[in-house]
Structure formats: C-alpha cells, structure tokens
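Student: Sharing a structure here in structure tokens format.
The values are calculated or read from the model by the stated rules, or taken from the named source; none is laboratory data. No experiment lies behind these values; they were computed from the predicted model shown. All Cβ positions, glycine included, derive from the backbone under ideal geometry; neighbour counts span all protein chains shown.
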Amino acid sequence: MYVAGHLLASIAFAKIAHKPLGVKFFPLAVAAMAVNLIDADHLIYYYLDDGTKSSFALHFLHQSWAFLGLAVCLLALVLKPWQNLIFGIFFALMLHYGLDLLANVFVYDLNAVIGFEILCLALLAFLFRNDEQRLKYYLFFVGLWLFVNLVLGFITFILGWKPDAHRGVYLTATLLTLLGTLAFWKLFKPKHEQSDVS
Ligand SMILES: [Zn+2]
C-alpha cells in the first residue's frame, strides 16, 4: 500500500482496537501511524523497486518482518507498564505488512490503491460518526488524503520522477508519513494532558 492508505488504515485500526487493547486512542493512533516509517527501508535499494515490486523481496525491514514482530512482542514482555500499547504497535506492524501483501495481490494497481483509500475514508467516517470532534477529524482525513496524493502525484506524474530512478520519491513518501503523523499529534493531542503540566 502507499502512504495515504497506510496512514488512514492505521487510524481506523487504532479507533477499533484501542478499547479491546485497553489503551487510549490517541497514543495508539500516533504509534500506529509512526510504524509506517518502516517504509524508509525503501531508500536503500530504491533503484530495484519501481513502486510495484514486493517489499518483502527487496527491503530489509520487510524481509525481516517475523524478526521485527518477535522483537516487538519481546519488548512487550520486558516493558510491562507499556505492554498493551506495545502489543498495539505489534498489531499495527502486522497491519502494515498485511496491507503490503494485499497491494501485491493487485500489483499496486492505482485504481485498486485509490479504491482502498476511499474505503478507508468511508470506514473512518463511520467510526468517528459520534465523536465530538468529528468535523475536525473528517477535515484532517480528507486533507491528509488529498495532500499526500497530490504531492506524490506531482512528483511522479508532473515532474516525472520514477521511483527506481530517483531516491526522492521514497524520501518524499517517508517525509509525508512523518509529516502526517506529526500533524495528527499536533492537531489531536488531548488538551487535558497539556493543562496537567501547567
Ligand atoms: Zn511497507
């Protein structure tokens, strides 16, 4: 999957899973979004991947998915106070890999990828329908989706950068993942946490 699909699916996952996991939505959502930074591994062998190759065959944080998953589980055993959140991170990691596998099935067909992203938007609209801040969330989801795809569309279709010829494509994708996560952090950080400090 590409950046927008990963980020939107991560937020939907956090909204669905935070209660069963016994953790707050906000930290789980931020952690699940940040997990997608594992795609930074594409920067190393970018020249082998035209954007439609299996990440599991080429990129080391995807090749070592089982080891990474095990390491996160072990971390949950060691850091007991953070156990539930770390298990949430484990699920978010598996979600990322699962979506990459799904995208491989469709050979990263652009219609299928965009279709999946629109399904994510619809799911998020449903999941946040009773939230006090739903309008702010909806604006963020649609804004994130448009911004990420317009930037990536601009560099690939207008500037003509090819992922396997220009490291800038995967670098931009990584920066967009980071920016999306930080924007979510800034916009939705619970206010009571700030007032607790003052
Ligand atoms: Zn990936």
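Student: Scan the stretch 30-50 for residues that are within 10 Å of the ligand (Cβ to nearest atom), in contact (Cβ under 8 Å) with a residue 40 or more places away in the chain and not aliphatic (A, V, I, L, M) and report the count.
Tutor: Within the stretch 30-50, residues that are within 10 Å of the ligand (Cβ to nearest atom), in contact (Cβ under 8 Å) with a residue 40 or more places away in the chain and not aliphatic (A, V, I, L, M) number 3.
Student: Look at residue 15 and say whether it is more than 11 Å from the ligand (Cβ to nearest atom) and at pLDDT 95 or above.
Tutor: Numbers: more than 11 Å from the ligand (Cβ to nearest atom): yes; at pLDDT 95 or above: yes.
In short, yes.
Student: Now for a separate question. List the pairs whose first member sits in the stretch 57-74 and is away from the ligand (no atom under 12 Å from the Cβ), whose second member is among the β-branched types (Val, Ile, Thr) and in a helix (DSSP H, G or I), and whose Cβ atoms are under 7 Å apart, counting only residues at least 6 apart or on separate chains?
Tutor: Final answer for the pair search is 72/86; 72/89.
Student: Looking at the stretch 74-93, which of its residues are exposed (fewer than 15 other Cβ atoms within 10 Å of the Cβ) and assigned to a helix (DSSP H, G or I)?
Tutor: Residues of the stretch 74-93 that are exposed (fewer than 15 other Cβ atoms within 10 Å of the Cβ), as a first pass: 74, 77-81.
Matches in the stretch 74-93: 74, 77, 78, 80, 81.
Student: Identify, please: which residue in the stretch 143-194 is surrounded by 15 or more Cβ atoms within 10 Å (Cβ to Cβ) and among the polar types (S, T, N, Q) and is, among those, farthest from the chain's Cα centre (by Cα)?
Tutor: 156
Student: Quick one: would you say residue 33 is within 19 Å of residue 4 (Cα to Cα), aliphatic (A, V, I, L, M), touching a His at 6+ places or on another chain (Cβ under 9 Å) and modelled with pLDDT of 90 or more? Break it down into steps so the answer makes sense when it comes.
Tutor: On the way: within 19 Å of residue 4 (Cα to Cα): yes; aliphatic (A, V, I, L, M): yes; touching a His at 6+ places or on another chain (Cβ under 9 Å): yes; modelled with pLDDT of 90 or more: yes.
It is true that residue 33 is within 19 Å of residue 4 (Cα to Cα), aliphatic (A, V, I, L, M), touching a His at 6+ places or on another chain (Cβ under 9 Å) and modelled with pLDDT of 90 or more.
Student: Continuing with the same structure: Is it true that residue 5 is under 15 Å from the mean Cα position of the chain (by Cα) and within 19 Å of residue 169 (Cα to Cα)?
Tutor: Numbers: under 15 Å from the mean Cα position of the chain (by Cα): yes; within 19 Å of residue 169 (Cα to Cα): yes.
Against the criterion (under 15 Å from the mean Cα position of the chain (by Cα) and within 19 Å of residue 169 (Cα to Cα)), residue 5 qualifies.
Student: Scan the stretch 164-184 and report the pairs whose first residue is assigned to a helix (DSSP H, G or I) and whose second residue is among the polar types (S, T, N, Q), with Cβ atoms within less than 6 Å and a gap of 6+ or a chain change.
Tutor: Every condition considered, the pairs that remain are 177/36.
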